[in-house]
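The values are calculated or read from the model by the stated rules, or taken from the named source; none is laboratory data. What you see is a predicted model; the values in this text were computed from it and never measured. Backbone-built Cβ (ideal geometry, glycine too); neighbour counts: all protein chains shown. For accessibility, only protein heavy atoms count, side chains too; no ligands or nucleic acids. Shrake-Rupley method; radii C 1.70, N 1.55, O 1.52, S 1.80 Å.
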Amino acid sequence: MVPEAISESLIWGPVFALGVLLVMSLFALITNIILSLTLKYRTIRNSESIDIQLIDAVKGPIMLSIIFSGVALGIVSLMQIDDPYFDVARDMETWVQRIWSISIVAVITYGISRTLQAVLTWYVKELASKTTTTLDDKFIPIVNRILPVLVYTLGLLIILDILTVPISPLLAGLGIGGLGVALALSPSLSSFIAGTYVVTEGQIKENDYIELDNGLAGFVVDVGWRSTRIRSRLNNLVIIPNNKLTDSILTNYSTPSPVLTGIVECGVSYESDLEQVENISIDVTKAIINESELAVKDFEPVVRFSEFGDSNVNFVIIFQAMDRVASFAIKSAIIKNLYARFKQEGIEINYPIRKLVMSPESDLTEFVEMSNDDDDNLLRRSI
């Protein structure tokens with residue numbers, strides 16, 4: 001690389017090495033100016049473009065690569081000088097090569113990490129908000145934290161290999177240590193893994209009204225990787241670990257549609273005219289549906305008699321509301337108005353009673369005997 005006349009000169013050899021370093025430094029400076037001007041020009045035209053993020057990410061690593069290469073070339077030039085004063089430099093040739101390789105690996109690792117972070121940050125800022133799913137909004141920030149660790153770990157292993165450090169025992173130790181950490185963090189890991197199912201499946205979203213099989217219910221505030229937060233009926237924040245959530249039977253009242261079918265249960269006495277009861281119930285329900293903005297107006301209310309009860313003939317009124325909360329308000333209005341209308345029409349809703357009917361011609365006296373375990377006294381009551 002070094003001309004013979006220069007390699008044999010004690011003066012021109014170091015000057016040539018210094019010149020190589022200065023030329024590479026000048027090249028790095030020119031490259032930095034070009035990239036900075038390009039970055040400024042592109043920022044004026046479109047400050048959110050992906051190429052701006054990439055140029056900003058690789059500008060530093062490119063500069064460092066050129067400078068490190070200049071230093072390495074300068075040292076190699078000194079090694080080629082025949083004067084005995086530079087025998088020390090020739091003895092360090094192996095270490096110079098290793099240091100240069102380590103520097104390049106470190107710079108490349110740094111550049112890859114910055115590039116990946118720039119791409120993911122740009123995606124979250126520009127594209128994730130425009131997608132219909134929130135999966136990328138939650139998944140990419142975690143990837144953005146994990147990827148640099150993986151990249152730097154890989155770079156460290158390559159550097160250890162350059163230094164001829166055995167990495168097999170290190171990998172084995174990391175495996176055993178990782179197993180111990182996994183066992184210690186088992187509850188958190190199980191919640192995190194369950195969170196991947198909850199987030200990726202997309203069956204639960206923010207503002208959905210859900211109810212678990214243990215009776216816990218509320219509106220979903222946030223679906224995270226470790227836990228899901230809901231706002232209960234009492235306006236309290238409830239945090240549910242995702243492993244508990246996936247192990248429960250869950251009802252989502254907001255999917256596939258928030259429209260909910262509501263039911264009002266009632267009963268009238270056996271002396272009532274059931275046709276009149278049905279007509280009144282439908283009239284009352286239709287009036288409430290027409291007045292309320294919370295009801296589904298294109299659904300015709302239905303009245304169905306369900307059973308002969310102990311005191312009443314029981315029936316149900318079926319309607320549809322815009323969501324579960326709306327169903328409570330409509331149900332309350334139907335019960336209140338139906339009670340007033342039945343009272344006005346003289347339709348009786350019996351209490352839970354048992355009615356005894358006797359023949360008017362009978363003049364017999366019936367006695368009910370009740371035995372007492374302590375004595376043989378008899379209680380006689382005339383009916």
Checking the conditions here, which among Ile330, Ile353 is at pLDDT below 90 and touching a Ser or Thr at 6+ places or on another chain (Cβ under 7 Å)? Ile353
Can you pull out the residues in the range 278-305 that are open to solvent by less than 60 Å² (accessible area, probe 1.4 Å), farther than 18 Å from Lys343 by Cα and in contact with a Lys or Arg (Cβ under 9 Å, 6 or more places away or on another chain)? Ile289, Pro301
When residues of the range 199-247 are filtered for being open to solvent by less than 20 Å² (accessible area, probe 1.4 Å), in a strand (DSSP E or B) and closer than 21 Å to Ser257 by Cβ, how many remain? 8
Search result, residues across the range 251-277 that are open to solvent by 50 Å² or more (accessible area, probe 1.4 Å) and over 46 Å from the mean Cα position of the chain (by Cα): Tyr270, Glu271, Asp273, Leu274, Glu275, Gln276
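From the list Ile280, Ile288, Ile317, which residue is aliphatic (A, V, I, L, M), in contact with a helix residue (DSSP H, G or I) (Cβ under 7 Å, 6 or more places away or on another chain), modelled with pLDDT of 90 or more and closer than 26 Å to Thr251 by Cα? Step through it out loud before you land on a result.
Values: Ile280 fails: closer than 26 Å to Thr251 by Cα; Ile288 fails: closer than 26 Å to Thr251 by Cα.
Just one listed residue meets the conditions, Ile317.
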Taking the range 306-333 and keeping only residues that are within 13 Å of Val268 (Cα to Cα) and open to solvent by 40 Å² or more (accessible area, probe 1.4 Å), one is left with Ser306, Glu307, Phe308, Asp310
